[in-house]
Amino acid sequence: MAASGRFPLMANDTPLPIDDATAPLPAGHLHWLRAGRLEVALAPEAGGRIAQIRYDGVDWLVDAQEAGAAAIAWGCYPMVPWAGRIRRGRFQFDDKTYALPINFESHAIHGVGFTRPWQIHRIEADAATLSLALPKDEYWPFGGTATQVMQLSPDSLRLQLAVQADQHAMPAVLGWHPWFRKPDRLQFAPTGMYPRDGEGIAVLPVINAPPGPWDDCFVSHGEVVLETGAQRLHLHADTDHWVVYDAAPHATCVEPQTGPPDGFTLAPNRLEPGERLALDLEFQWHIAT
């Protein structure tokens, strides 16, 4: 993990290094999963992320080499136990104010899972299960356990991300952050959008979505479709919150989340001890004939 200029102190006054979302994070050893025309490269050492998704010879994700290996900018990574930005790293829970380390601009972004190595519990030719013990320190004071399950079939990839509270209640928002190579077309029809304030943070109330380009959180109940050449990728998730970033010339991000950015403040979701929150996402491919 890379260090930045700000350090929280442990009880013994020893500074802790800070996860820097823009620092290089190499992929490490890749584990390839395969089913028919679908190939998925798993990078457990790089935040448990998917390094590449290849369908019928077409690479769908921006990889570490294209992104300069910045941790925030490549592959498809899990966001846990929060997704998007937490304003200045601060939130309230059970009448107590918490301050998380800042790891991107002036905010805490995308949780603690996308830069830490995950443990592989099961790996087969077309499936894998991973886990991460969440910290109980200045990075994240509540602990908990995150898990990922990946299952391939010849034309689809199913992902499940989950988090379970340990002996303490905790807030939680989950998300997936795929960096898709720029598609020829994006089909996305949201019913509402969270506006952003001067700090770039989502706020209420939800408004009608203006035309893109976007870097915003939306409410949408339909599927999302990306087209590249003859291939059509359909995304389905069991949530109505999606962040879409399509302002970059080389990539488009389509991110299902269980709640909005700054969700601990905008839409608090509480997990009691032992309670679990999960997010399912399916990628399904079709080839035009």
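Values as computed for the structure displayed
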{"read-out": "Spatial extent of the range 84-152: Rg and Dmax, with the Cα atoms as the point set, Å", "value": "14.9, 47"}
{"read-out": "Cα-centre dipole for the chain with unit charges at Cβ (Lys and Arg positive, Asp and Glu negative), debye to 20", "value": "140 debye"}
{"read-out": "Computed lengthening from Gln284 to His221, 0.36 nm per intervening residue step minus Cα-Cα distance", "value": "21.0 nm"}
{"read-out": "Label-point separation, Ala169 to Ala248 (7 Å along Cα→Cβ), nm", "value": "3.8 nm"}
{"read-out": "Cα-projected label distance for Gln119 with His29, points at 7 Å along beta-carbon direction, nm", "value": "1.6 nm"}
{"read-out": "In the range 33-139, GluC sites (Glu not before Pro) in a DSSP loop with at most 14 other beta-carbon atoms within 10 Å", "value": "Glu105, Glu124"}
{"read-out": "For the range 232-289: rounded, prolate or oblate by the Cα gyration tensor [a/c cutoff 1.5]", "value": "oblate"}
{"read-out": "Accessible surface, the chain, averaged per residue in Å² (probe 1.4 Å)", "value": "41 Å²"}
{"read-out": "Percentage relative contact order, the chain, counting C-alpha pairs under 8 Å, at least six apart", "value": "17 percent"}
{"read-out": "Length-normalised contact order of the range 174-289 in % [C-alpha pairs under 8 Å, at least 6 apart]", "value": "31 percent"}
{"read-out": "Among [x] 1, 6, 12, 17, 19, 18, 13, 8, 4, 1, 0, 0, 0; [y] 1, 5, 10, 13, 14, 12, 11, 10, 9, 7, 5, 3, 1, 0, 0; [z] 1, 5, 11, 14, 16, 14, 12, 8, 5, 3, 2, 1, 1, 1, 1, 1, 1, 1, 0, 0, 0, 0, 0, the entry that matches P(r) over Cα pairs in 5 Å bins from 0, in percent as calculated here", "value": "[x]"}
{"read-out": "The chain - mean residue ellipticity at 222 nm from DSSP helices (-39,500 (n - 2.57) per run, n ≥ 4, rounded to 500)", "value": "0 deg cm²/dmol"}
{"read-out": "The range 118-260, Rg to Rh (Cα coordinates; Rh as Kirkwood inverse mean 1/r)", "value": "1.00"}
{"read-out": "Rounded percent of accessible protein surface that carbon and sulfur make up, the chain, 1.4 Å probe", "value": "51 percent"}
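The values are calculated or read from the model by the stated rules, or taken from the named source; none is laboratory data. Given the structure is predicted, the values throughout are model-derived calculations rather than measurements. Neighbour counts are summed over all protein chains in view; Cβ atoms, including those assigned to glycine, are modelled from backbone coordinates with ideal geometry. Remember, those area values only see protein heavy atoms, side chains included, never the ligands or the DNA or RNA. Shrake-Rupley method; radii C 1.70, N 1.55, O 1.52, S 1.80 Å.
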